[in-house]
Amino acid sequence: MTRKQKRLAVIAGGMSFILVAVLLVMFAFSQSVAYFFMPADLAKADIKPGTRIRLGGLVAEGSVKRGQGSTVSFTVTDGTGNVPVTYTGILPDLFREGQGVVTEGAFDAASHGFVADSVLAKHDENYMPKEVADRLKKEGVWEDGKGSKGQANQGQTNQGQNTGAKGTATR
């Protein structure tokens, strides 16, 4: 084998190694993807039972019901659609009715409900995924200046004032 052929063989081997690595990474990511849906989106989407998704919206008022042990059932709404959710586990401290929530899990074929294996609760849209906050505002469910949103803006204003005074403080 000539020097040129050896060099081409090394380059071809390196390129094939990189190609295999990229394909394995893409396959791993495709297996762990959980698409995000709002309750109104689920009426239009064809989701098979057992498919992992993320469901986001607000916890409907009066929908939280505690079951045996640590099982909780509640309804996620976006003002247009409602989805019953069952979760077994410890809920976050910020979980309550009327607050934003993102759940991850799958639909159960037997009960036709959403069975969540993780629940993330948020106290206002500052910490809610942007697409959830935008959709809730668009649907008219979430209004600026109400509830904790007004308090969050007030806290940001005070924080800006405190930052200016920070330079004059002595230890």
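Throughout, read-outs are computed from the coordinates displayed, never taken from laboratory work. Source: prediction; values computed, not measured. A quick note on method: Cβ atoms are made from the backbone with ideal geometry, for glycine too, and the neighbour counts reach across all protein chains shown.
Data table
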item	result
Where labels lie 7 Å past Cα in the beta-carbon direction, separation of Glu61 and Asn82 in nm	1.3 nm
Net charge contributed by nearby residues that have their C-beta within less than 10 Å of Ser118 (K/R +1, D/E -1)	-1
For Leu91, distant residues with modelled amide H under 5 Å away	none
FRET efficiency, 1/(1 + (r/R0)^6) with R0 22 Å, evaluated for Ile47 and Asp134 via beta carbons	0.50
GluC sites (Glu not before Pro) lying in DSSP loop within the range 1-107, provided at most 15 other Cβ fall within 10 Å	Glu61, Glu97
Amide H contacts under 5 Å for Gly105, placed H, 5+ residues apart	Ile53, Leu55, Asp117
